[in-house]
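Following: one structure in structure tokens, then a few remarks.
Each reported figure results from applying straightforward, stated rules to the coordinates on display, with no laboratory input. Because the structure is a prediction, the values reported are computed rather than measured. Methodologically, a virtual Cβ is constructed for each residue, glycine included, from the backbone with ideal geometry; neighbour enumeration extends over all protein chains shown.
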Amino acid sequence: MKAFKEGIQKGLGIIVVFGTAVFGYNVAGTVKTWSSGETLTAADLNQTVQSLKTAVENAAQFYEAGGGYYHSANTYQWGSFFGIGGTATAEKVTSMPRAGKVKNFTLKPTSNTVDAACTLTLRKNSVGTTIAVTIPAGSTTQIADADTVDFIAGDNLGWYVACPGFTTGSVGYDVTFEF
């Protein structure tokens, strides 16, 4: 309880760490600070918790995922935040925890020896979206897509990478976006 009280007293925000993703929230509502010996009332606690809940539910969140696309001739890759690889019958997806908009999508190739261009397409519920980036053969330059895609809670997010016409090589990449 003491650690909880100290966290609430700071009242500036919450940082939650999940795996490789970090989320930061600014709390704009009322956060009660209790003094030593002061009674903790249900109304004060409920108001504080509601302010924190509102901040978390309404905050933009930034996601980052590493991926690797190491392939052999005539193959492709599915990806999500919790899996890379797959076949046409085993698409990898992440169920979105809340409604929001994917925006500010970027892809940074971390290595690239593929001898043909590769395209990564963001997918929503197993269908390609307007967010798609093409990685030129051999390039490690960061690529951005300004398109946005709306999701509702429970929609599945994934991506599909294809390198048609390649004969050799591999590409590794990191994906980031705001949600």
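Odds and ends about this structure:
- Under 19 Å from the T113 label point (7 Å along Cα→beta-carbon), backbone N, segment 142-179: 163-174
- By average C-beta atoms within 10 angstrom, highest first, the peptides 100-109, 122-131: 100-109, 122-131
- Qualifying aspartates and glutamates (Cα of each under 17 Å from Cα of K32; at least 8 residues distant if same chain): E6, D44
- Modelled label reach - S139, point 7 Å along Cα→Cβ, segment 162-179 residues with backbone N closer than 17 Å: 162-166, 170-176
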